[in-house]
Amino acid sequence: MPKRILEGVVVSDKGDKTVVVKVERTIVHPVLKKIVRQSKKYHAHDESNAYKAGEAIRIIECAPKSKLKTWEVLPKASA
């Protein structure tokens, strides 16, 4: 089974080797039939402390690294 990849924005980089990423999704509300935004925060492992608050990044699933961290930051693709 492939690992999930999500895109979001870093909202906190205060933890050592950890960033908190806010991922927004759009869904259709089951009753109102309107498009609604939902967001969720994920703790992700950032080995080099390279990412700061406000940056847009991608995260990928991984084996649990701690109680909250089951995601890690994908390195930026070199162009």
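Listed values, structure above:
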{"read-out": "Verdict on Ile59 being in contact (Cβ under 8 Å) with a residue 24 or more places away in the chain, of a type in the set (Val, Ile, Thr) and surrounded by fewer than 16 Cβ atoms within 10 Å (Cβ to Cβ)", "value": "no"}
{"read-out": "Pair list, Cβ under 7 Å, 6 or more apart: the stretch 33-50 residue of a type in the set (A, V, I, L, M), other residue in a loop (DSSP other than H, G, I, E, B)", "value": "Val36/His29; Ala44/Lys69"}
{"read-out": "Residue ID - surrounded by the most Cβ atoms within 10 Å (Cβ to Cβ), chosen from residues in the stretch 67-79 that are out of contact with any Lys or Arg (no Cβ under 8 Å at 6 or more places or on another chain) and touching a residue at least 40 places away in the same chain (Cβ under 8 Å)", "value": "Trp71"}
{"read-out": "Total residues in the stretch 25-53, condition surrounded by 10 or more Cβ atoms within 10 Å (Cβ to Cβ) and in contact with a His (Cβ under 8 Å, 6 or more places away or on another chain)", "value": "1"}
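Each value in this text was obtained by applying a stated rule to the coordinates, not by laboratory testing. These figures come from a predicted structure and were not determined experimentally. Quick reminder, even Gly has a Cβ in these numbers, built from the backbone with ideal geometry, and neighbours come from all protein chains shown.
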